[in-house]
Amino acid sequence: MSILKLHDLYFKPFISRAEINAIVKHLAQQVKADLPKDEIPIFVGILNGCFLFAADFIREFDGDCEVSFVKLASYEGTSSTENVKELVGINEDLTNRTVIILEDIIDTGNTLQEIYNIFRNQNVKQLKIVSLFFKPDVFRKELPIDYIGKSIEDKFIVGYGLDYNGLGRNYPEIYQLSIAPKMKNIVLFGPPGAGKGTQANFLKEMYQLVHISTGDVFRFNIKNQTELGLLAKKYMDEGDLVPDEVTINMLKAEVEKNPDANGFIFDGFPRTQSQADALDTFLGDKGEQINAMIALEVPEDVLVTRLLERGKTSGRTDDTDEAKIRNRFNEYNTKTAILKDYFEAQNKYYGINGVGSIEDITKRISEVFDTL
């Protein structure tokens, strides 16, 4: 989940698809448990917002049921001042039926009160209300809300059937109104020898960004024996991979140190989809996002030549063995293939030609950065 822009407003991640699914399933189980044996209810969804909720709820409901959808409409009555409300879409005879209203969200309750009154006059046997979300701070009616999925604060939300001026209904998660992001954040990727470190130094000076290198962060925490550093060292000493949670918490701490930054260059992170998801969630909670993954693309043979040349002076033994160098490329390609797909799906992947002078490559990256 990342920041959404719908029309002129921005929305940050609020409730994940997994949490929504769990809420819907629990509601369906509660309703089923409270119904008399062999009772066949008629579920009535209030359009437009509840169409996703109603569909998922009915799939989770374990038992026979009928389904209908209605909209509240108004028209002028017999006098010029009379405003008559009616439900459009209900054709069933509801006499002595158990009717369960499905609502996506209840805030003031004004519209629901009118709908409830109309149903109550249909000689139903039982009338209940199920609401996925509920805003208790603004609810002003005495209506009995029989089942509430999740109570939330009074902030505008979109997604999962809810819209802002027609947009946003199709997203499977819920997003909350936020301010426009202030930062430009990029993930800088490149295979060994692509010049990633050199370009990061230029970019952070040009755009006043904070460069966060995973390697540097690890070394700092271990050297200074921070709590996270000691934990990471414990895993490393035992020959185990440092868990994502530890790495992510180190990165979070670096971001928190720079609340007024223009943006961040994430170097060497994320390396897996789970890390990318965690970074998106962390930034999204702050009303920020990753704007782009910029990957330096250089032919492998060119990189091998570069690294072997670098190995003559770098002192790194893994820069002097071609077999080890190519193995590092295989590892890189395996990891970035996943991340490339991840960021391409968000239209945030930018492959940059990494061959040429340092100045030319910096210019290519800048041309992309200036469009973000």
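The values are calculated or read from the model by the stated rules, or taken from the named source; none is laboratory data. Since this is a predicted model, take the numbers as computed values, not measurements. Cβ sites come from the backbone with ideal geometry, for glycine too, and all protein chains shown count toward neighbours. Heads up: the accessible areas ignore ligands, DNA and RNA and are worked out on the full protein's heavy atoms, side chains in. Shrake-Rupley method; radii C 1.70, N 1.55, O 1.52, S 1.80 Å.
Normalised by the number of residues in segment 1-140, the average gap of Cα pairs under 8 Å and 6 or more apart makes the relative contact order 21 percent. Listed cross-link partners Lys155/Lys348; Lys12/Lys335; Lys141/Lys286; Lys204/Lys363 are compared with a 24 Å cut-off, the Cα-Cα value being larger for Lys155/Lys348; Lys12/Lys335; Lys141/Lys286. Taking label positions 7 Å along the Cα-Cβ direction at both Leu230 and Ser274, the computed distance is 2.5 nm, reported to one decimal. At full extension, Ile40 and Arg59 could sit 5.3 nm farther apart than now, given 0.36 nm per residue minus the alpha carbon distance. Distance between the pseudo-spin-label points of Asp360 and Asp93 (7 Å out from Cα toward the beta carbon): 8.3 nm. Compute the long axis of helix 110-120 from its Cα atoms, compare it with the longest principal axis of the Cα atoms of the chain, and write down the angle in degrees, 0 to 90, nearest 10. Approximately 40 degrees, to the nearest 10.
Surface composition of segment 17-168: carbon and sulfur atoms hold 43% of the protein heavy-atom accessible area at a 1.4 Å probe.
If you roll a 1.4 Å probe over the heavy atoms of the protein chains, what accessible area per residue do you get for segment 268-372, in Å²?
Details: 5420 Å² over 105 residues.
Per residue, segment 268-372 has 52 Å² of solvent-accessible surface.
For the chain, the relative contact order is 16 percent, taking Cα pairs closer than 8 Å that sit 6 or more residues apart in sequence and dividing their mean separation by the residue count.
At an R0 of 41 angstrom, the distance between the Cβ atoms of Thr320 and Asn347 translates into a FRET efficiency of 0.55. Sorted from longest to shortest, the spans of the Cα atoms of the chain along the three principal axes equal 91, 49, 36 Å.
What is the calculated FRET efficiency for Asn123 to Ala33, with r their C-beta to C-beta distance and R₀ = 30 Å, to the nearest 0.05? Don't skip to the answer; put the middle values down first.
Working: r = 26 Å, r/R0 = 0.86.
With a Förster radius of 30 Å, E is 0.70.
Pairs of Cα atoms nearer than 8 Å and 6+ residues apart set the relative contact order; for segment 227-284 it is 29 percent. Annotation: extensible slack from Lys25 through Met206 equals 60.1 nm (criterion: 0.36 nm per residue apart, minus Cα-Cα distance).
Work out, step by step, the length gained on full extension between Lys252 and Glu367: first 0.36 nm times the residue separation, then minus their alpha carbon distance; give nm to one decimal. Each step should come with its number before you reach the end.
Values: separation 115, 0.36 × 115 = 41.40 nm, distance 2.83 nm.
Extra length from Lys252 to Glu367 when fully extended: 38.6 nm.
Once divided by 2.2 N^0.38 Å, the Cα radius of gyration of segment 300-372 becomes 1.35. For the chain, DSSP calls about 35 percent of its internal beta bridges antiparallel.
The distance between label points at Asp137 and Thr334 comes to 4.9 nm (points 7 Å beyond Cα on the Cα→Cβ vector). Taking GluC sites (Glu not before Pro) as exposed when their DSSP state is a loop state and no more than 16 other Cβ atoms lie within 10 Å, the longest site-free interval of the chain runs over 239-372. Averaging Cα coordinates gives a centre for segment 292-344 and one for segment 178-251; these two points are 18 Å apart.
For segment 299-338, which whole percent of the accessible surface, found with a 1.4 angstrom probe, sits on carbon and sulfur atoms? Don't skip to the end; give the middle numbers.
Working: 1390 of 2620 Å².
Solvent-exposed carbon and sulfur of segment 299-338 make up 53 percent of the total.
Express the carbon and sulfur contribution to the solvent-accessible surface of segment 178-283 as a percent, rounded to the nearest whole number, probe 1.4 angstrom. Intermediate results must be reported in sequence, preceding the final value.
Details: 2730 of 5280 Å².
Accessible surface attributable to carbon and sulfur in segment 178-283 totals 52 percent.
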